[in-house]
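What follows is calculated from the coordinates using simple rules that are stated; it is not laboratory data. Worth saying up front: this structure is predicted, and the values here are computed from it rather than measured. Every residue, glycine as well, gets a Cβ built from its backbone with ideal geometry; the counts of neighbours run over all protein chains shown.
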Amino acid sequence: MYDPKSLKAEEFINDEEILETLAYAEKNKDNAALIDEILEKAENRKGLSHRDAAVLLDCTLEDRNRRIYELAKQIKKDFYGNRIVMFAPLYLSNYCINSCVYCPYHRQNKHIPRKKLTQEEIKAEVIALQDMGHKRLALETGEDPVNNPIEYVLESIKTIYGIKHKNGAIRRVNVNIAATTVENYQKLKEAGIGTYILFQETYHKESYEKLHPAGPKHDYAYHTEAMDRAMEGGIDDVGLGVLFGLEMYRYEFAGLLMHAEHLEAVHGVGPHTISVPRVKKADDIDPTAFDNGISDDTFAKIIACIRIAVPYTGMIISTRESEAVRARALSLGISQISGGSRTSVGGYAGYTPDERPHDTEQFDVSDQRSLDEVVNWLMKLGYIPSFCTACYREGRTGDRFMSLCKNGQIQNCCHPNALMTLKEFLMDYASEDTVSVGNKLIESEIPNVPNDKTRGILIDNLSKIEQGTGRDFRF
């Protein structure tokens, strides 16, 4: 039985409910009256049920699809303005005891070198990331209780937060590690993590078990119920995601939204972020083995419909995707992107921006531009690259963040904070052209701060950053 308030995976992600939803959406894909009714509901900015959103995803009426895209763009603007949060992944270890058939870190892969960073190597990686200008990292490890125990992750987080290099500092560490216990989530919370991220890969239980034939990740229920344990452990910002291409995308879309509804129903807080990765080529992995790949057009519509259905959530797209795909996705709902990313263990220190080690990459990187190039590109598209971590550090997490986001008040903090962190980047790390473009953007954005007092403080802080007399200001 489908029950969003249940703590059992097969009840809040219910196969029968998903199949009924997909049949309902297929039946109504050209039902103009129903689609208009759903769009009117969506215009209230309160989100949509998984069933209503599935109808929009399946919609075949061109004029209504244009409305869907326009609404997604407007909702993105209403909740997140023109800010794009920047981050980078940091791979600590590729040791793994799972057998995930889509990941090169699977334990049967004997020709990929296995590597685990020492704390000294982590320091070198973090300094390299700081020298790029990054302030926010997402930690990645394989699942291996011997090589990558929770103690190693906790020690690594402490190391990362402790590194201050020139004007660099990592101010927020998000963590993407395997499903674990409530006790370990409590430890991660105490270590000061930002968001706990865990991709479901696929919500289709039978497919999930086939894709994970051995190892602890084989347990569908334990993996799917991880976010509930994380919240029980005190982590109030969690990030969902599926790996599109493993299973039929309509099924994944419905499951993903049902998971978001479950978190709202049980914990009163939906996902802080939703990620939308697609299967990519990697060592010992042939993406053509998965016949569920989706086109760029379908991918764009998925992003638009998620933005409409879960208007408050941050949406993440990685360097798996090309510059062109990312540009389209930004306007439709994406609010966070990575820049200058390496998906290999030890991929930053000792390498120039144009050099890329491939021996331990988890997947091919499509967008291989440097962080400076990505920042420059974003600004020329009219976006504000933001290195802000203020909400996490000011305690605006969980339901506190969501309440401010849902009523639009978060922009009163986020917009000026984005401008100040961008100014730091321009002063400390940017190329000459990026500095020129960035300063013009900041000047044009200052009048858009509506509160006179806030605007005055912003102008004063920007001046202090430029003069070198202050850093790390935040509202």
Given region 99-211, what percent of its DSSP beta bridges are antiparallel, to the nearest 5?
25 percent
Dipole of region 79-369, Cα-centred, from +1 at each Lys and Arg C-beta and -1 at each Asp and Glu C-beta, to the nearest 20 debye?
800 debye
Write down, largest first, the equivalent ellipsoid semi-axes of region 79-369 in whole Å, where each equals the square root of 5 times an eigenvalue of the alpha-carbon gyration tensor.
25, 22, 21
In the structure displayed, which of Lys73/Lys423; Lys73/Lys406; Lys41/Lys301 lie more than 21 Å apart, Cα to Cα?
Lys73/Lys423
Can you list, by residue number, the Cys in the chain that have no neighbouring cysteine C-beta under 4.7 Å?
Cys59, Cys96, Cys305, Cys388, Cys391, Cys405, Cys413, Cys414
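Give the relative contact order (percent, whole number) for the chain; include only Cα pairs under 8 Å separated by 6+ residues.
The normalised contact order for the chain reaches 19 percent.
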Please list, by residue number, everything in region 83-125 whose backbone N is under 11 Å from a paramagnetic label point 7 Å out along Cα→Cβ of Val146.
96-97
Packing-based ranking, highest mean first, of 58-66, 239-247, 104-112 given that Cβ atoms within 10 Å are counted
239-247, 104-112, 58-66
Proximal aspartates and glutamates relative to Lys280, as straight alpha-carbon distance under 12 Å, when same-chain residues fewer than 8 apart are discounted
Glu321, Glu361, Asp364
Counting helices only, and only those DSSP H runs with n ≥ 4, report the 222 nm mean residue ellipticity of the chain as the sum of -39,500 (n - 2.57) divided by its residues, in deg cm²/dmol to the nearest 500.
-14500 deg cm²/dmol
Which of the three applies to region 82-193, rounded, prolate or oblate, going by the alpha-carbon gyration tensor with a ≥ b ≥ c and a/c under 1.5 meaning rounded?
prolate
Pairs of lysines in region 100-172 (C-alpha under 23 Å apart; 8 or more residues apart or interchain)
13
Which distance in nm do the two modelled labels at Glu466 and Met1 give, with both placed 7 Å along the Cα-to-Cβ direction?
6.5 nm
Please sort 362-375, 411-424 by packing, taking for each peptide the average over its residues of neighbouring beta carbons within 10 angstrom, highest first.
411-424, 362-375
Of Ile317, Tyr383, Val242, whose Cα points farthest to the positive end of the dipole of the chain (charges on the beta-carbon: +1 Lys, Arg; -1 Asp, Glu; origin at the Cα centre)?
Tyr383
Give me the distance in nm between label points sitting 7 Å out from Cα along the Cα-to-Cβ direction at Tyr24 and Glu40, one decimal.
1.9 nm
